[in-house]
1. Calculate one ³J(HN,Hα) per residue across region 16-28 by plugging θ = phi - 60° into the Karplus curve 6.51 cos²θ - 1.76 cosθ + 1.60, and present them in order as whole Hz with x for glycine and proline.
2. Run through every distinct alpha carbon pair of the chain and return the Kirkwood hydrodynamic radius in angstroms, one decimal place.
3. Determine the gain in length on full extension of the stretch Val14-Ala42; use 0.36 nm per residue of separation and subtract their C-alpha separation, reporting nm with one decimal.
4. In square angstrom, what is the accessible area per residue of the chain with a 1.4 angstrom probe?
5. Would you please give the FRET efficiency between Leu51 and Val71, computed as 1/(1 + (r/R0)^6) with r the Cβ-Cβ distance and R0 = 30 Å, to the nearest 0.05?
Amino acid sequence: MKPPHSDSNPWKAVGMVSALGIDLVVCMGLGYYLGKLMSDAAGGQPLWIVLGVVLGLIVGIVSIIVILRKVTGGSNG
């Protein structure tokens, strides 16, 4: 039986998953906020809010991919 690696700390994994979730929520929240500002400036059109949230989701996903590649050392598997 192989001894566990020093990197296999379960608290490190919990921290990583929490950070990824918080990152996604913050990006979507900022997208909503910016979309709300644009909506108010455009006369209350809700399209801007939807676009802001979708843009925040896309930025959050890209950010998560960048973080995971940095943590895993850029490996694909």
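The values are calculated or read from the model by the stated rules, or taken from the named source; none is laboratory data. Owing to the predicted nature of the structure, the values given are computational and were not obtained by experimental measurement. Virtual Cβ from ideal backbone geometry, glycine too; neighbours counted across all protein chains shown. Please note that ligands, DNA and RNA were not included when accessible areas were found on the heavy atoms of the full protein model with its side chains. Shrake-Rupley method; radii C 1.70, N 1.55, O 1.52, S 1.80 Å.
1. 5, 5, 5, 5, 5, x, 5, 4, 5, 5, 5, 4, 5
2. Details: mean 1/r = 0.0694 Å⁻¹.
About 14.4 Å, per the Kirkwood formula over Cα pairs.
3. On the way: separation 28, 0.36 × 28 = 10.08 nm, distance 4.17 nm.
Answer, rounded to one decimal: 5.9 nm.
4. Computed with neighbouring chains in place, this is 79 Å² per residue.
5. Result of the calculation: an efficiency of 0.50.
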